Amino acid sequence: MIPAVLSILLFLDIFSDRITTALLVLGLLVFGEIFTVNFSLHSYLILAFSKDARVTIDVGLYYMSNAVRRLIGTLLSGATYHLIGIWACLATFALMLVISALGVRQLTPDQ
């Protein structure tokens, strides 16, 4: 929700530049903290749920998917920022989070 709210606030442009900047920095710091905790949890869960014979494969796949995610995110955020602006960059970020959440809901435990 944080990137979506920030995107809407920037798009509406209802605050002064100083307040907008403060809200953007504060919002991104809060999101960064939440992201850091979730990233640590994901790393732990990959190791906790990996079967002994597949740990290296699972961890490798996890880090490979992270690298692809970062590459796509960097290219997409750069393109949207350059073509439209920071509000569109944050809106695209929020959309990618929704797509990710929908994808995660499709996962089932390996039985």
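Remark: the chain projects, on average over all directions, an area of 7.9 nm² (convex hull of Cα atoms). Fully extending the segment from Val59 to Phe11, taken as 0.36 nm per residue of separation minus the present Cα-Cα distance, adds 13.3 nm. Considering only alpha-carbon pairs that sit under 8 angstrom and 6 or more positions apart, the relative contact order computed for the chain is 40 percent. Over the chain, accessible surface divided per residue gives 78 Å², non-protein components excluded, 1.4 Å probe. Treating r as the C-beta distance of Leu28 and Ser50 and R0 as 30 Å, the FRET efficiency rounds to 0.40.
Taking the convex hull of the alpha carbon positions in region 1-62 and averaging its projected area over all directions gives 5.2 nm². Surface composition of the chain: carbon plus sulfur atoms hold 72% of the accessible area, using a 1.4 angstrom probe and ignoring ligands, DNA and RNA.
Scanning the chain for long hydrophobic helices, with DSSP H runs required to stretch 18 angstrom or more by C-alpha along their axis and to average at least 1.0 on the Kyte-Doolittle scale, returns 17-49, 86-105.
The values are calculated or read from the model by the stated rules, or taken from the named source; none is laboratory data. Computed from a predicted model, the values in this text were never measured in an experiment. For neighbour counting, all protein chains shown are included, and Cβ atoms are generated from backbone atoms with ideal geometry for every residue, glycine included. Heavy atoms of the whole protein, side chains included, go into the accessibility calculation; ligands, DNA and RNA do not. Shrake-Rupley method; radii C 1.70, N 1.55, O 1.52, S 1.80 Å.
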